[in-house]
Structures are given as C-alpha cells and as structure tokens.
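Notes follow the structure.
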Amino acid sequence: MNAPSRDLPIRAWTDHTRIPYALYTDEAIYRQELERIFYGPFWQPVALEAELPAVNDYKTIVVGETPLIVTRTGADEFAVMVNACAHRGVQITTEFKGTASDFSCPYHAWAYDNCGNLRKVPGEERFPENFDKRHYGLRRLRAVLWNQVLWATFDDATPPIDEFFGEVADSIRAALGGGERRLKLLGYQKIIFNCNWKVYMDNDGYHAGLLHTAFRMLNYQGGTAPLVADGFAGHWGAHYGAQRMVDNGYLADPTLVFTEGDEKTAAVNLLRPVTQVVKHLNAINFRFGRPLGPDKTEVHYTYLAFADDPPELLQHRIRQSANLLGPSGFVSIEDGSMFERVQKAMGAPGGEINFLKGLKDSPDGHRSLQNDEAGNTPWWRYYKQVMGL
Ligand code: FES
Ligand SMILES: [Fe+2]
C-alpha cells in the first residue's frame with residue numbers, strides 16, 4: 001500500500017466504526033479516493049447487457065472522473081475504452097447512447113473502430129517517419145461480463161470478479177434474475193444527491209422502517225433477514241422472502257404495490273464503491289453512481305424487466321419501477337433529504353458518525369440482520385486500509 005498523501009486532514013483515525021466528518025468533505029481525501037478506489041482494484045459496472053442489445057450499440061459513462069465509451073463489438077464481445085482521443089485528448093463522443101461501428105474525433109478527424117483501434121489519420125504523410133497507428137488506439141480497460149452486467153477496472157491487480165464479490169455474489173445474482181432470465185431495459189432516471197458518495201453508500205437497513213412512512217403503511221419488509229457483508233471491500237447483500245402487499249385501505253388504488261406472478265423474494269445489494277442493485281418482488285433496478293466532487297453524487301437509476309415477461313407483467317413493472325424504488329418513489333423518497341441533511345451537518349469541525357446497530361452480535365459485521373448497520377463496517381475497515389489512513 002502506498003504511503004498516505006502528506007496533506008490529508010486525518011492523522012489519528014483508529015476506529016472504523018466511527019467515521020470522521022472530514023472523510024466526507026475534504027477535497028484532498030476525494031482526490032486520493034479517485035486514485036486508490038475509483039482507479040484502484042475495483043470492478044465498476046459500466047453497462048448492462050440489456051442496454052446494448054445489438055452489435056455496434058454503444059453508451060458512455062463516467063467512472064470516477066474518467067469518461068468511458070462502452071461498445072458491443074460482437075454477440076458476446078464488448079470493449080470499454082477511455083473516451084479521449086489519442087491525439088490531443090478530445091472526448092470522442094458526447095452522446096449518452098447510440099449505434100456506430102466506428103468513431104471519428106471531431107477535432108482533427110482521427111477515426112477509430114469500435115474496439116478503439118486507430119484506422120484513419122488525415123495528413124499522415126506529414127507525420128514523423130516512425131508514426132504507427134497501432135500505437136495510437138484508445139486506452140482499453142480490462143472488462144468482464146458477469147450476470148448480464150459488464151464490469152471494468154483500471155487496475156491490473158483487481159482480483160477475479162467472483163472473489164471480488166465473495167458471498168455477496170448470490171444476492172447480486174438473485175436481484176438480476178437468478179442467472180436464468182434475460183433482463184430487458186425499461187428506462188432511466190438520473191438524480192444528483194447533494195451528498196458525498198459515501199453518505200449515499202452508508203445508507204443502511206436500520207433506517208428503513210423508521211424513516212420511510214410507506215414501509216410501515218405498506219408493511220413492506222420484515223427486517224429479520226440475514227445480511228452478508230463480504231468480498232475484500234465489504235460489499236453487502238441481503239436476499240430474503242418478502243411479504244406481498246395485501247390491501248390495507250391506505251391507497252385508493254393499491255394495484256400499484258401488488259405483486260404479480262410468482263416472484264416472492266427481495267434482494268438488496270450495496271456494491272463498493274458506488275453501485276446498488278435492488279429487486280423487490282416485481283421492481284428491479286440497477287443504480288450506477290459516481291461522485292461529482294466531495295459533496296455531490298450522481299446516480300443513474302436503470303429500471304429493468306425480464307425479456308420473457310408477458311405484456312401485463314411488463315406494464316406492471318413499468319408502472320412500479322420509478323414509483324416504488326426510484327429517487328422519488330414513495331417508499332424511498334425520504335432518503336435524498338436525509339443524505340443532504342447529513343452532508344450539511346458535516347461542516348462541523350471534529351465531528352464523526354457512528355455505526356452501532358448489530359455490532360453486538362456481529363462485531364466484524366460479516367453476518368448481521370437486514371435492519372442492522374453492522375454490515376456497513378467491513379467496507380470502512382477496508383477503506384481505512386486502501387486509503388492508507
Ligand atoms: S484531438 Fe482527436 S483528432 Fe485531434
Ligand atoms: Fe431508505
């Protein structure tokens with residue numbers, strides 16, 4: 001591990017269950033996180049297979065502060081490239097999504113194929129003798145398709161993906177159809193939360209029935225399911241039998257919250273650094289997050305169905321998707337306000353936050369309960385180490 005940067009504000013931080021406010025507000029900490037976490041040994045989701053259904057489909061995404069292009073180059077082949085021209089660094093495309101077999105840089109018209117190989121260069125005859133197009137491709141990232149999601153990493157040392165997620169792999173798989181059902185993209189919702197990315201990811205099961213009025217009104221969860229925190233960076237996941245709604249008279253039209261078909265479980269996953277994968281009965285979403293500096297976090301909610309859904313179930317999922325578990329969904333709408341209020345309070349000097357619930361029975365946080373916060377602490381143990389603090 002590298003030595004800590006000299007000018008970080010944290011000198012004596014000993015307890016990974018008590019987190020100094022400065023870790024959520026400081027610019028130098030944020031810069032070091034980019035280097036050691038976002039460009040470090042992590043698998044970052046860059047696309048769902050369902051977002052790029054046909055060969056030559058592409059999308060763009062930003063990991064850390066680095067813009068990427070993700071292309072489907074074959075039936076089961078993808079490329080993940082830094083969206084920066086090898087000539088003078090211009091972003092090759094600013095589109096969110098599209099279809100293209102090649103990309104031409106707008107500045108001097110260098111043209112690349114969708115694997116990132118440089119193909120055409122205007123004025124090449126006046127370049128130095130030793131110029132070789134093969135040395136001027138777009139920078140490719142290591143990438144792997146796993147559970148219908150394409151994951152990429154900047155770091156050669158990132159471990160194999162099963163090892164990276166450890167025991168949490170099971171609940172990720174459960175949230176994405178169990179490995180048998182193909183996912184279908186319904187659409188997106190994008191939001192910027194006014195908080196540090198770690199505040200967004202500190203969100204826990206403890207608050208669910210206490211903050212969220214709708215959880216109580218709709219009897220939305222039991223709270224006693226096992227929560228596993230595993231993988232070297234402390235991802236966490238819970239996969240559990242979920243109660244179906246019965247009409248209790250609170251809603252004029254309760255059909256929105258009913259469950260169709262034979263789905264009986266929920267799976268909630270927090271994947272480090274900034275990914276959340278959630279399936280609650282019929283509602284499925286995949287949340288790509290990224291920091292916008294120390295005090296803002298952008299999250300792309302990606303709503304999903306299954307490709308083999310009958311038409312009525314598809315409609316039902318569309319209706320539920322943003323309305324239930326979106327950033328303004330009625331069982332999760334209060335979260336954004338809590339994130340912002342946490343961040344505002346973090347201006348106070350010398351403050352810290354505390355994780356407590358569940359540590360009594362699970363001091364290492366590895367196996368706790370759905371409504372505990374002990375499962376958030378393995379991540380902080382790892383964070384302390386990877387940041388050299
Ligand atoms: S910067 Fe892309 S062609 Fe010059
Ligand atoms: Fe919440």
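No value in this document is a laboratory result; all are computed from the given coordinates. Just so we're clear, the structure is a prediction, and the values are computed from it rather than from any experiment. Counting neighbours? That spans all protein chains shown, and the Cβs are built from the backbone with ideal geometry, glycine included.
First obtain the Kirkwood hydrodynamic radius of the stretch 263-389 from its Cα pairs, then insert it into the Stokes-Einstein equation at 25 °C and 0.890 mPa s, and state the resulting D in µm² per second as a whole number.
144 µm²/s
With +1 assigned to the C-beta of every Lys and Arg and -1 to the C-beta of every Asp and Glu, and no other charges, what is the dipole magnitude of the chain about the Cα centre in debye, to the nearest 20?
Rounded to the nearest 20 debye, it is 520 debye.
Over the stretch 167-386, one equal point on each Cα, no solvent: what is log10 I(q)/I(0) by the Debye formula at q = 0.10, 0.17, 0.18 Å⁻¹?
The calculated log intensity ratios at q = 0.10, 0.17, 0.18 Å⁻¹ are -0.43, -1.31, -1.46.
Just how far, in whole angstrom, is the stretch 37-51 from the stretch 92-119 if you go by their alpha carbon centroids?
What the calculation gives is 21 Å, centre to centre.
Show log10 I(q)/I(0) for the stretch 1-153 at q = 0.09, 0.12, 0.18 Å⁻¹, two decimals, from a solvent-free Debye sum over equal Cα scatterers.
The calculated log intensity ratios at q = 0.09, 0.12, 0.18 Å⁻¹ are -0.40, -0.64, -1.03.
Work out, in µm²/s and without decimals, the Stokes-Einstein translational diffusion coefficient of the stretch 324-374 at 10 °C, 1.306 mPa s, Rh from Kirkwood over C-alpha pairs.
After rounding, the answer is 120 µm²/s.
For a bin width of 5 Å, list the pair-distance distribution of the stretch 140-252 built from all Cα-Cα distances, rounded to whole %.
2, 8, 12, 16, 19, 21, 11, 5, 3, 1, 1, 0
Pairs LYS97/LYS357; LYS198/LYS279; LYS59/LYS120; LYS120/LYS190; LYS360/LYS384; LYS59/LYS296: which are spaced more than 32 Å apart, C-alpha to C-alpha? Please report the intermediate quantities before stating the final value.
Values: LYS97/LYS357 42 Å; LYS198/LYS279 22 Å; LYS59/LYS120 22 Å; LYS120/LYS190 36 Å; LYS360/LYS384 22 Å; LYS59/LYS296 23 Å.
With Cα atoms farther than 32 Å apart: LYS97/LYS357; LYS120/LYS190.
If you filter the stretch 72-169 for chymotrypsin sites (Phe, Trp or Tyr not before Pro), then keep DSSP loop positions with at most 13 other Cβ within 10 Å, what is left?
PHE96, TYR107, PHE131
Say we join alpha carbon atoms closer than 10 Å with springs in a Gaussian network model of the chain; which of GLY351, GLY123, GLY89 then has the biggest fluctuation?
Greatest mean-square fluctuation among the candidates belongs to GLY123.
Which of the aspartates and glutamates could a cross-linker span from LYS344 if the Cα-Cα distance has to be under 15 Å and same-chain partners fewer than 8 positions apart are dropped?
ASP26, ASP295, ASP335, GLU352
GNM, the chain, Cα, under 10 Å: largest mean-square fluctuation among GLY40, GLY234, GLY289?
GLY40
Run through all the Cα pairs of the chain and give the fraction in each 20 Å bin from 0, expressed as whole percent.
In order of increasing distance, the bins hold 27, 55, 17, 1 percent.
Choose one answer from ASP361, ASP156, ASP253: the residue with the largest mean-square fluctuation in a GNM of the chain with alpha-carbon springs under 10 Å.
The residue that fluctuates most here is ASP253.
Go through the stretch 11-119 and name the trypsin sites (Lys or Arg not before Pro) that are in a DSSP coil and have 14 or fewer other Cβ atoms within 10 Å of their Cβ. Can you show the working numbers first?
On the way: sites: ARG11, ARG18, ARG31, ARG36, LYS59, ARG72, ARG88, LYS97, ARG119; in loops: ARG11, ARG88.
Here the sparse-neighbourhood loop sites are ARG11, ARG88.
Go through the stretch 180-196 residue by residue and turn each phi into a ³J(HN,Hα) via Karplus (6.51, -1.76, 1.60, θ = phi - 60°); whole Hz please, and just put x for glycine and proline.
Result, ordered by residue: 9, 9, 6, 7, 10, 7, 9, x, 10, 9, 10, 9, 10, 8, 7, 7, 4 Hz.
Okay, helix-only estimate at 222 nm for the chain: each DSSP H run of n ≥ 4 adds -39500 (n - 2.57), divide by all residues, round to 500 deg cm²/dmol; what do you get?
Only helices count here, giving -5000 deg cm²/dmol.
Quick one: net charge of GLY137's neighbours, Cβ under 14 Å, K/R +1, D/E -1?
+3
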